[in-house]
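J.: First the structure, then my questions, so here it is.
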Amino acid sequence: MKRLRSLWIAAVVISTQIPATWACTGITLSSKDGSKILARTIEWGGSDLNSQYVIVPRGYEQQSYLPDGQQNGMKFTARYGYVGLAVEQKEFVAEGLNETGLSAGLFYFPGYGQYEAYNPAQQASSIADLQLVAWILGNFSTVDEAVKAIPKIHVISIDPRGSTVHWRIADTTGKQVVLEIVDGQPNFYENKLGVLTNSPGFEWQITNLNNYVNLYPGSAASKSFGAIELAPFGAGSGFLGIPGDVTPPSRFVRAAFYQTTAPQQSTGIETVIQSFHILNNFDIPIGIEFSAGQTPTDIPSATQWTSSSDLTHRIIYFHTMYDSNIRCFDLKTIDFKRVKYQAKPLDPVKQQPVQTLRVE
């Protein structure tokens with residue numbers, strides 16, 4: 001019964017009927033030493049997602065949930081070990097990295113995706129959308145392998161009230177794709193830019209960047225305007241007009257320009273730190289997701305956690321709304337042949353640690 005209740009909660013979390021939204025912003029950076037870094041946020045202003053990290057060993061077997069709430073869909077066994085960040089339930093991995101350096105994550109995609117209808121005759125090859133990341137991380141080492149295999153399975157919704165999601169998959173070569181399922185058909189888009197948010201679809205978001213062709217880094221030059229002289233008020237005026245709201249199209253544009261103009265760092269760890277600084281600009285205050293007069297949820301932020309994965313060095317970093325200190329898992333130090341499956345809260349204590357400095 002507990003498992004069924006958790007499944008219902010997870011479905012409601014992504015329901016389009018709830019005013020607060022599950023928003024996500026993803027960026028991609030590379031360092032001078034060739035390190036590939038994928039970073040992203042995850043937002044939900046409706047409640048605490050009770051996020052967990054999962055350590056999944058090689059050989060670990062899972063089975064998908066089906067629309068009836070039973071865990072009797074497609075079985076899949078992890079060929080590769082991985083570390084995942086899960087929401088609401090340990091099976092629902094939203095972001096992760098496997099021991100080969102393959103990264104996968106899901107992003108909220110309301111109103112535009114449409115999975116195929118569940119067919120009981122295809123039970124053994126049907127997998128819930130919220131479990132697809134776990135299947136990808138456990139079974140593939142490259143983007144091409146995943147792209148070849150996904151059309152052979154059936155991705156379904158576990159609850160008709162829930163929204164769809166789309167996915168980002170990347171490997172150590174730098175190749176990255178976005179998967180969107182529309183009219184029941186998987187569509188793959190090569191993501192050369194490396195940015196992803198939510199709706200509308202990825203191709204529309206790329207086209208929309210053309211509306212901001214006038215933006216550039218630095219400051220605008222002073223110029224004469226009739227009998228007067230016009231001058232910028234401060235640094236960064238070349239970005240005057242960049243959208244500042246938190247809608248997915250605006251976040252996509254802002255992330256694209258922040259990412260593209262960021263100076264390249266020398267090492268992977270420097271680039272990871274840079275990715276967190278960039279994504280700090282996308283933290284969503286809890287109050288703005290509620291209409292006037294509504295009581296905001298009692299959580300510190302709608303941005304519940306931010307992660308950054310170094311695919312090259314096989315390290316996944318994260319911080320949360322309860323603890324801004326950066327923590328990490330170095331997959332190279334984990335023996336995925338011997339380690340036991342683990343699922344533990346990202347925040348055992350839900351309180352920001354504050355250090356009082358001594359003055360001598």
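The values are calculated or read from the model by the stated rules, or taken from the named source; none is laboratory data. Because the structure is a prediction, the values reported are computed rather than measured. When we count neighbours, we look across all protein chains shown, and the Cβ atoms used for this are built from the backbone with ideal geometry, even at glycine. With ligands, DNA and RNA removed, areas are computed over all heavy atoms of the protein, side chains included. Shrake-Rupley method; radii C 1.70, N 1.55, O 1.52, S 1.80 Å.
J.: Which one, LEU215, PRO353, ILE286, projects farthest toward the positive side of the charge dipole computed for region 205-360 from Cβ point charges (K/R +1, D/E -1)?
T.: PRO353
J.: Next question, about the same structure. In terms of modelled amide H atoms, which long-range or inter-chain residues lie less than 5 Å from the amide H of GLY236?
T.: GLY218, SER219
J.: Any idea what % of Cα-Cα pairs in region 140-283 are farther than 18 Å? Walk me through the numbers before you get to the answer.
T.: Working: 7007 of 10296 pairs.
Distances greater than 18 Å cover 68 percent of the Cα pairs.
J.: Quick check: pseudo-label points 7 Å beyond the Cα along Cα→Cβ at ASN208 and SER47, how many nm apart are they?
T.: 2.9 nm
J.: Something else now. In region 321-360, which chymotrypsin sites (Phe, Trp or Tyr not before Pro) are in a loop and have at most 15 other Cβ atoms within 10 Å, using DSSP for the loop call?
T.: Numbers: sites: TYR322, PHE329, PHE336, TYR341; in loops: TYR322, PHE336, TYR341.
Here the sparse-neighbourhood loop sites are TYR341.
J.: Once neighbouring chains are kept in place and the probe is 1.4 Å, which whole percent of the accessible area of the chain is contributed by carbon and sulfur?
T.: Reported share for carbon and sulfur atoms: 53 percent.
J.: Check cross-link reach from LYS36 to the aspartates and glutamates: straight Cα distance under 20 Å, and skip same-chain residues fewer than eight apart.
T.: Counting by Cα, and skipping residues close in sequence, LYS36 has these aspartates and glutamates nearby: GLU95, GLU99, ASP144, GLU145, ASP171, GLU190, GLU270, ASP310, ASP330.
J.: Related question: How long is the gain from SER219 to THR173 if the chain were fully straight, where each residue apart is worth 0.36 nm and the alpha carbon distance is subtracted? The partial results should precede the final answer.
T.: Details: separation 46, 0.36 × 46 = 16.56 nm, distance 3.53 nm.
Extra length available between SER219 and THR173 comes to 13.0 nm.
J.: Report ³J(HN,Hα) in whole Hz for each residue of region 312-327, in order, from the Karplus equation J = 6.51 cos²θ - 1.76 cosθ + 1.60 where θ = phi - 60°; Gly and Pro get x.
T.: 5, 9, 6, 10, 10, 10, 7, 9, 10, 5, 8, 8, 7, 5, 7, 10
J.: Further, regarding this structure: Among PRO151, LEU49, THR28, pick out the residue whose Cα is farthest towards the positive end of the charge dipole of the chain, where Lys and Arg carry +1 and Asp and Glu carry -1 on C-beta, about the Cα centre.
T.: Checked the options; the winner is PRO151.
J.: With a Förster radius of 45 Å, plug the Cβ-Cβ distance of LEU240 and LYS148 into 1/(1 + (r/R0)^6) and report the FRET value to the nearest 0.05.
T.: Working: r = 45 Å, r/R0 = 1.01.
So, using R0 = 45 Å, E works out to roughly 0.50.
J.: Please state the relative contact order of region 214-286 as a whole percent: Cα pairs under 8 Å, 6+ residues apart? Each step should come with its number before you reach the end.
T.: Numbers: 55 pairs, mean separation 16.2, N = 73.
It comes to 22 percent, rounded to a whole number.
J.: Please compute the length gained on full extension between GLU61 and GLU190, using 0.36 nm multiplied by the number of residues separating them and subtracting their Cα-Cα distance. Write out the running numbers ahead of the final one.
T.: Working: separation 129, 0.36 × 129 = 46.44 nm, distance 3.04 nm.
Here the segment from GLU61 to GLU190 would lengthen by 43.4 nm.
J.: List the relative contact order of the chain as a percent without decimals, with contacts defined as Cα pairs under 8 Å and 6+ residues apart.
T.: Values: 804 pairs, mean separation 85.5, N = 360.
Once normalised by length, the contact order is 24 percent.
J.: Further question: Hey, if we sort GLU145, GLU88 by accessible area with the 1.4 Å probe, largest down, what's the order?
T.: GLU145, GLU88
J.: Pairs to check: LYS32/LYS148; LYS152/LYS332; LYS32/LYS340; LYS148/LYS192; LYS152/LYS192; LYS32/LYS332. Give those whose C-alpha atoms are more than 28 Å from each other in this structure.
T.: From the list (LYS32/LYS148; LYS152/LYS332; LYS32/LYS340; LYS148/LYS192; LYS152/LYS192; LYS32/LYS332), the Cα-Cα distance tops 28 Å for LYS32/LYS148; LYS152/LYS332; LYS32/LYS340.
J.: Per residue, how much accessible area does region 46-87 show when a 1.4 Å probe rolls over the protein heavy atoms, in square angstrom? The partial results should precede the final answer.
T.: On the way: 1490 Å² over 42 residues.
Counting only protein heavy atoms, the per-residue value for region 46-87 is 35 Å².
J.: Let me know the volume per residue of the alpha-carbon convex hull for the chain, in Å³.
T.: On the way: hull volume 66.8 nm³, N = 360.
In the chain, the Cα convex hull volume per residue is 186 Å³.
J.: Quick check on region 223-319: take the gyration tensor over C-alpha atoms, sort the square-rooted eigenvalues as a ≥ b ≥ c, and tell me if it's rounded (a/c under 1.5), prolate or oblate. Please list the in-between numbers first.
T.: Details: a/c = 3.17, a/b = 1.21, b/c = 2.61.
Oblate is the answer for region 223-319, as a/c is 1.5 or above yet b/c matches or exceeds a/b.
J.: If you take every residue apart from PHE336 with its C-beta less than 13 Å away from the C-beta of PHE336, what net charge results, scoring Lys and Arg +1 and Asp and Glu -1?
T.: Working: positive: ARG58, ARG79, ARG314, LYS332, LYS337, ARG338, LYS340; negative: GLU99, ASP330, ASP335.
Residues near PHE336 contribute +4 overall.
J.: Another one. Let me check I've understood the local charge: for GLU43, count other residues with C-beta under 9 angstrom from its C-beta, Lys and Arg +1, Asp and Glu -1. What total comes out? Please report the intermediate quantities before stating the final value.
T.: On the way: positive: none; negative: ASP283, GLU289.
Charge balance near GLU43 sits at -2.
J.: Based on Cβ point charges of +1 for Lys and Arg and -1 for Asp and Glu, what charge dipole magnitude is obtained for the chain about its Cα centre, in debye rounded to the nearest 20? Before the final figure, lay out each step's value.
T.: On the way: 28 positive and 31 negative charges, 153 e Å.
It works out to roughly 740 debye.
J.: In addition: Go ahead and run the numbers for FRET between SER250 and ALA117, Cβ-Cβ distance against an R0 of 30 Å, rounding to 0.05. Working shown, then result.
T.: Details: r = 34 Å, r/R0 = 1.12.
E between SER250 and ALA117, to the nearest 0.05, is 0.35.
J.: Please state the charge dipole magnitude for region 67-198, taken about the Cα centre, from unit charges on C-beta atoms (+1 on K and R, -1 on D and E), reported in debye and rounded to the nearest 20. If you can, show how the numbers build up before the last one.
T.: Working: 9 positive and 14 negative charges, 39 e Å.
Result for region 67-198 is approximately 180 debye, rounded to the nearest 20.
J.: Where does the chain land at 222 nm, in deg cm²/dmol rounded to the nearest 500, when only DSSP H runs of n ≥ 4 count, each adding -39500 (n - 2.57), divided by all residues? Don't skip to the end; give the middle numbers.
T.: Working: 6 runs with 61 residues, N = 360.
After summing the helix terms and dividing by the residues of the chain, the value is -5000 deg cm²/dmol.
J.: Between THR295 and THR356, what is 0.36 nm times their sequence separation minus the Cα-Cα distance? Round to one decimal in nm. Before the final figure, lay out each step's value.
T.: Numbers: separation 61, 0.36 × 61 = 21.96 nm, distance 3.25 nm.
Extra length from THR295 to THR356 when fully extended: 18.7 nm.
J.: Here's another thing I want to ask about it. Under a 5 Å amide H to amide H cut-off, with H placed in plane at 1.01 Å, what residues pair with VAL182 once short-range neighbours are removed?
T.: Residues meeting the criterion, in which the H sits 1.01 Å from N, are GLN114, ASN187.
J.: What ranking, highest mean first, results for peptides 265-276, 199-210 when packing means the other Cβ atoms within 10 Å averaged over each residue? Intermediate results must be reported in sequence, preceding the final value.
T.: Numbers: 265-276: 19.3, 199-210: 16.3.
Peptide ranking by packing, descending: 265-276, 199-210.
J.: Tally Lys and Arg at +1 and Asp and Glu at -1 over the other residues with C-beta under 10 Å from the C-beta of GLY84: what net charge comes out?
T.: Working: positive: LYS90; negative: GLU91, GLU95.
Surrounding charge for GLY84 is -1.
J.: In addition: Using the Cα centre of region 225-360 as origin and beta-carbon charges of +1 (Lys, Arg) and -1 (Asp, Glu), tell me which of ILE299, ILE273, ILE316 is placed farthest towards the positive end of the dipole.
T.: Selected residue: ILE316.
J.: Rolling a 1.4 Å sphere over the protein heavy atoms, what is the accessible area per residue of region 238-312, to the nearest Å²?
T.: Numbers: 3150 Å² over 75 residues.
Per residue, region 238-312 has an accessible area of 42 Å².
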